[in-house]
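Here the structure is laid out as structure tokens; the discussion comes afterwards.
The values are calculated or read from the model by the stated rules, or taken from the named source; none is laboratory data. Just so it is clear, the structure is predicted and the values come from calculations on it, not from any experiment. With ideal geometry, Cβ positions are generated from the backbone for all residues, glycine too; neighbour counts draw on all protein chains shown. Ligands, DNA and RNA are excluded from the accessible area calculation, which covers all protein heavy atoms including side chains. Shrake-Rupley method; radii C 1.70, N 1.55, O 1.52, S 1.80 Å.
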Amino acid sequence: MHDVIAKQAVAHSFSQAAKDYDKFAHFQHELAQQLIDLCPDTHTSAVLDLGCGTGYCLPLLKQQYAQADITGADLAPGMLNWAKQQHPDFLFVQGDAENLPFEEHQFDLIFSNLAVQWCADFSKVLSEAYHALKPGGHLVLSTLADGTLNEIERAWQSVDTHQHVNEFEAEAFLSECVKQSDFNVEYLDVSTHIDYHPDVRSLTDSLKRIGAHNITGGRAKGLTSPRAIKQFMQAMESFRSDLGLPGSYRVLSCRLVKPI
Ligand SMILES: C[S@@+](CC[C@H](N)C(=O)[O-])C[C@H]1O[C@@H](n2cnc3c(N)ncnc32)[C@H](O)[C@@H]1O
């Protein structure tokens, strides 16, 4: 899909989801807390939450960095409007992680939880963050890799040939981008996190209600037939365990520092 159209689709989808996002984003919130725990214990006066969504992470960052000015940036205007209403004490800027609207050396910390998997060029995200950070500043980021939602992908593969799950970059490629960047790597990990749901509807609804729609070119264009949906739901049952139906996320987390 053309990059501009893809970005508009992502922004539209998340804007539409803004009001309900926090009610359904249990997994994203859990990951946010883990990423906060990775943040450095250093003097920090300016923080950017990149892809801030509803602004959920802003008070968590404020707890950690009480003295800092904290800015939220997001691609989706609807997310930003909602975030401003929920968190009027913070600054907000509309911005694209692949083309950040900030001066050089502006932030001590750029924090980004589960946002940049929507970008086409991960190396560009890293170089934009590098530019906006002060020397000695940190980028603490999580993103998704290939293997994410593989249960949904495999269940649909038994039903039709459409692409039902967004494409994510291979973890080896993402890790290589990190290592090839100008940052020094303080922490880099890729691990699987599983979000269990009681039934298929709950799993697929949670994705839709946070705005994580399938925007791939190979997605089905028309309505999916009730028969295909039934087959998909039956195929999903083969993944059920005592904990419920799994939605797996392959998460790359890192803490990088810009050399002084
Ligand atoms: C899954 S939400 C995560 C929101 C928040 N970080 C959290 O932890 O709850 C992804 C967010 O990334 C934003 N986003 C997607 N692509 C972006 C881009 N290129 N630049 C900035 N934000 C982007 C979306 O609009 C959405 O608000």
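Close amide-amide hydrogen proximity is noted between S112 and L50, V140, L141, S142, each under 5 Å apart and 5 or more residues distant or on a separate chain (H modeled in the peptide plane; Pro and chain starts excluded).
Of the residues Q28, L256, S225, the one whose Cα sits farthest towards the positive end of the charge dipole of the chain is S225 (charges of +1 on Lys and Arg Cβ, -1 on Asp and Glu Cβ, taken about the Cα centre). Please report how far the C-alpha centroid of the range 8-57 lies from that of the range 148-203, rounded to the nearest whole angstrom. Cα centroid of the range 8-57 versus Cα centroid of the range 148-203: 18 Å apart. Panel note: the C-alpha atoms of the chain, placed on their principal axes, show extents of 58, 40, 38 Å (largest first).
Using only helices, what value at 222 nm comes out for the chain when you add -39,500 (n - 2.57) per DSSP H run of length 4 or more and divide by the total residues, to the nearest 500 deg cm²/dmol? Kindly include the intermediate steps, with their values, before the conclusion.
On the way: 9 runs with 103 residues, N = 260.
The per-residue figure over the chain is -12000 deg cm²/dmol.
Taking the square roots of 5 times each eigenvalue of the Cα gyration tensor of the range 131-260, largest first, gives ellipsoid semi-axes of 35, 16, 12 Å.
Can you compute the label reach from H12? Point 7 Å from Cα along the Cβ direction, backbone N cut-off under 16 Å, restricted to the range 60-86. Label zone hits: 76-79. Sequentially through the range 223-232, phi angles give Karplus couplings (6.51, -1.76, 1.60; θ = phi - 60°) of 6, 7, 5, x, 5, 5, 5, 4, 4, 4 Hz, Gly and Pro residues having no value and appearing as x.
Go ahead and run the numbers for FRET between I36 and Q67, Cβ-Cβ distance against an R0 of 25 Å, rounding to 0.05. Walk me through the intermediate numbers first.
Details: r = 17 Å, r/R0 = 0.66.
So the FRET efficiency works out to roughly 0.90.
For E186, the amide hydrogen comes within under 5 Å of the amide hydrogens of R255, L256, V257, counting only partners 5 or more places away or on other chains and with H modelled in the peptide plane. Surface composition of the chain: carbon and sulfur make up 49 percent of the accessible area, probe 1.4 Å. For the chain, the relative contact order comes to 23 percent (Cα pairs under 8 Å, sequence separation of at least 6). Accessible surface computed residue by residue for the chain, with neighbouring protein chains in place and a 1.4 Å probe, gives 49 Å² per residue. Computed from backbone phi, the HN-Hα couplings of the range 252-260 come to 8, 10, 8, 10, 10, 10, 7, x, 7 Hz, rounded to whole numbers (Karplus: 6.51 cos²θ - 1.76 cosθ + 1.60, θ = phi - 60°; Gly and Pro given as x).
Applying a threshold of 27 Å to the alpha-carbon distances of K62/K134; K62/K258; K7/K230 flags K7/K230 as lying beyond it. Backbone geometry of the range 11-28 corresponds, through the Karplus equation with coefficients 6.51, -1.76 and 1.60 at θ = phi - 60°, to 3J(HN,Hα) couplings of 4, 5, 4, 6, 4, 5, 8, 3, 5, 9, 3, 5, 5, 10, 8, 4, 5, 4 Hz, x marking Gly and Pro. Contact order, relative form, for the range 80-137: 41 percent (alpha carbon pairs under 8 Å, 6 or more residues apart, mean separation divided by residue count). Per residue, the average separation of C-alpha pairs within less than 8 Å and at least 6 apart gives the range 115-260 a relative contact order of 44 percent.
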